[in-house]
Amino acid sequence: MSSSVFLLASGDLRPSANQMCWPAQKAAEEALTEAIERLGYQVQRAHPFVADKGHGFIDSQRYGLAIFQDIPATAPVIVLEAVWQYSHHVLGGLMHHRGPILTVANWSGQWPGLVGMLNLNGCLTKAGVSYETLWSTDFRDGLFLKNLETWLKGGRIEHDASHVKAFQAASLPKRAEQAGRAVAQEILRKKAIMGVFDEGCMGMYNAIIPDELLHPMGIFKERLSQSALYAAMQQVPVEEAQAVRTWLEARGMRFHTGSDAATELTDGQILDQCRMYIAALRIADTFGCDTIGIQYQQGLKDLTPASDLVEGLLNNVDRPPVTAAGEDRVLYDGQALPHFNEVDECAGVDALITNRVWRQLGLEPETTLHDLRFGEEYDGKFVWVLEISGAVPPQHLTGGYRGAVSERQPSMYFPKGGGTIKGISKPGEVVWSRLYVHDGKLKADLGRATAIELPQAEVERRWQITTPQWPMMNAVLHGVTRDQMMARHKSNHIQVAYASSAAAADEAMLAKAEALRALGVEVYLCGVAN
């Protein structure tokens, strides 16, 4: 391999985020550069710090494509991430690059690079681009340096994948087999519709499932416009919006409000979120949707408060009732309308299948995606911090609605504000999963976890080093180490659902695996065997 390595940093599209996060990226780049130079190689940054912008990130697809024109076609390239990033800023250049590619993240929950890198890895996997991947707290630990040197010398990095086993349906327990097949047969017979409010959120190429992979499963997209959602919001009377908030407060949910809309959650922002909740249900009903996803970023962020409060409510069975306009009919009465945050279609299919399987088994069907945000050892166990920006159903939280508080979204990402559904996920047995596209096929990884209760001081510490406005699940994965998870996972997102016991979770996981298999998905069990 060449003695000179080109270093890139994909960033956000939002200038405020790039400026705020730049110091963390700069520190990570300095540490990685030092490590590479100690190994006898030179680092050439492929694009400069731009003083007028206040950062040195690639902040658009066009900029990224231009940068790759000046990188030798076979040169080694490292994409280092200490921040959330938009993968399409660099994906086009990486798809046409013929040299070795390494993705690297700092092990930090701050902005976070882990989430950004996992999304880029999922995008590269879907695109069929060969790459290697590494992560480190300080870029000085022995394993990281050993693997980095291997890559610099032209070798392949070998990650442990012994926890992954192809799903075998032959020895399934009868009840799990029957439940999974019943769900698959129902979808194939009746079909299902995913309502997609604008595709491709924040450059997530990995979150778009090609229609030709969905249609054989009996699942079809209804492509909806966020402008239609915004227009429908304007038709919701203030009395209806207020009724949603009143219902939530009667259930015990709290709203931390203030008067400064630029930095605080205001009553007006909450009412707009309630309007969006009503409008989303009515549009979903109009088009017969079985699940919906709102992109929010980029367009709606400049028009209306965040969609996260809406998303968490939709994912809950017990939620404010909404009637069809001019009718008494309650929409999706007694049901969750599964919502896939950030219009991640892989999570949408996952949520739909989870909802159907859990109902078939008589389990609580609430499900959500989280970011695989961060993790640290605690009391001898590696405990993951799973967080997403408010879309968690209250049923997942300790205390339900009474354990939920709505706080203003960070202004760096959410200029129009809006409240989250913040809380701590209750202790219990969990099934986790991720659908992804690889080799032109839809595949799925499934596993088991336990959501655990941590001391309040530790919870607060973890919130402060991640995003304190967002809901958190502290999860221990079964039979999967930190590094195995990072090496295998093909997304920033991970889907979770609770079961009533360990035995029920094991059964639900296998039933879900069978439903996916029967719909044509290639299924793998991670950390467990059937």
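The values are calculated or read from the model by the stated rules, or taken from the named source; none is laboratory data. These figures come from a predicted structure and were not determined experimentally. Note: ideal-geometry Cβ built from the backbone for every residue, glycine included; neighbour counts use all protein chains shown.
Checked against (1) touching a Lys or Arg at 6+ places or on another chain (Cβ under 9 Å); (2) over 26 Å from Glu522 (Cα atoms), Asp138 meets all criteria but (1).
Just need a number here: residues in the stretch 1-19 that are out of contact with any strand residue (DSSP E or B) (no Cβ under 7 Å at 6 or more places or on another chain) and over 21 Å from Leu118 (Cβ atoms).
Qualifying residue count for the region: 4.
Quickly run through the stretch 198-249 and pick out the residues that are among the β-branched types (Val, Ile, Thr), closer than 22 Å to Thr286 by Cα and free of Cβ contacts under 8 Å to residues at least 40 places away in the same chain. If the condition is that a residue be among the β-branched types (Val, Ile, Thr), closer than 22 Å to Thr286 by Cα and free of Cβ contacts under 8 Å to residues at least 40 places away in the same chain, then Val238 is the only one that fits. Taking the stretch 363-379 only, how many residues are within 19 Å of Arg448 (Cα to Cα) and assigned to a loop (DSSP other than H, G, I, E, B)? Total meeting the criteria: 4.
Can you work out which of the residues in the stretch 380-406 that are over 17 Å from the mean Cα position of the chain (by Cα) and in a helix (DSSP H, G or I) is surrounded by the most Cβ atoms within 10 Å (Cβ to Cβ)? Restricting to residues being over 17 Å from the mean Cα position of the chain (by Cα) and in a helix (DSSP H, G or I), the top hit is Pro394.
Restricting the search to strands (runs of 3 or more DSSP E) fully inside the stretch 32-123 and requiring at least 1 residues that are closer than 16 Å to Asp138 by Cα gives 77-81, 101-106.
Residue-by-condition table, conditions (1) under 21 Å from the mean Cα position of the chain (by Cα); (2) surrounded by fewer than 21 Cβ atoms within 10 Å (Cβ to Cβ):
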| position | (1), (2) |
| --- | --- |
| Met117 | yes, no |
| Gly122 | yes, no |
| Ala127 | yes, yes |
| Ser130 | no, yes |
| Thr133 | yes, no |
| Asp138 | no, yes |
| Gly142 | no, yes |
| Lys146 | no, yes |
| Gly154 | no, yes |
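When residues in the stretch 481-513 are screened for being closer than 24 Å to Asn316 by Cβ and either among the charged types (D, E, K, R) or assigned by TED's automatic domain parsing to the domain that holds Phe144 (or both), 2 of them pass.
A single entry from Arg254, Arg223 fulfils the requirement of being farther than 18 Å from Pro305 by Cα, surrounded by fewer than 21 Cβ atoms within 10 Å (Cβ to Cβ), in the same structural domain as Gly417 (by TED's automatic domain parsing) and of a type in the set (Lys, Arg): Arg223. Yes or no: the stretch 370-384 includes at least one residue that is farther than 30 Å from Met412 by Cα, of a type in the set (Phe, Trp, Tyr) and touching a helix residue (DSSP H, G or I) at 6+ places or on another chain (Cβ under 6 Å). Scanning the stretch 370-384 turns up at least one residue that is farther than 30 Å from Met412 by Cα, of a type in the set (Phe, Trp, Tyr) and touching a helix residue (DSSP H, G or I) at 6+ places or on another chain (Cβ under 6 Å).
Applying a threshold of 6 Å to beta carbon distances and a minimum spacing of six or more residues, or different chains, the list of pairs starting in the stretch 68-93 at a residue that is over 19 Å from Thr133 (Cβ atoms) and in the same structural domain as Phe57 (by TED's automatic domain parsing) and ending at one that is in a loop (DSSP other than H, G, I, E, B) and aliphatic (A, V, I, L, M) reads Ile71/Ala46.
Being under 16 Å from Lys426 (Cα atoms) and surrounded by fewer than 19 Cβ atoms within 10 Å (Cβ to Cβ) is a description that does not apply to Ile465.
Quick one: which residue in Ser491, Ser406, Ser425 is modelled with pLDDT of 95 or more and more than 30 Å from Glu264 (Cα to Cα)? Exactly one residue qualifies, and that residue is Ser491. Among the residues making up the stretch 42-64, a single one is of a type in the set (S, T, N, Q), in contact (Cβ under 8 Å) with a residue 40 or more places away in the chain and within 30 Å of Lys153 (Cβ to Cβ): Gln44.
Checking the stretch 161-169 against the condition returns a match, with at least one residue being part of a loop (DSSP other than H, G, I, E, B) and at pLDDT below 95. Every listed requirement among (1) over 27 Å from the mean Cα position of the chain (by Cα); (2) free of Cβ contacts under 8 Å to residues at least 40 places away in the same chain; (3) surrounded by fewer than 19 Cβ atoms within 10 Å (Cβ to Cβ) is met by Leu39 save one, (2).
Residue-level analysis places Glu364 outside the set of residues that are in the same structural domain as Thr467 (by TED's automatic domain parsing), of a type outside the set (Lys, Arg) and farther than 17 Å from Ala499 by Cβ.
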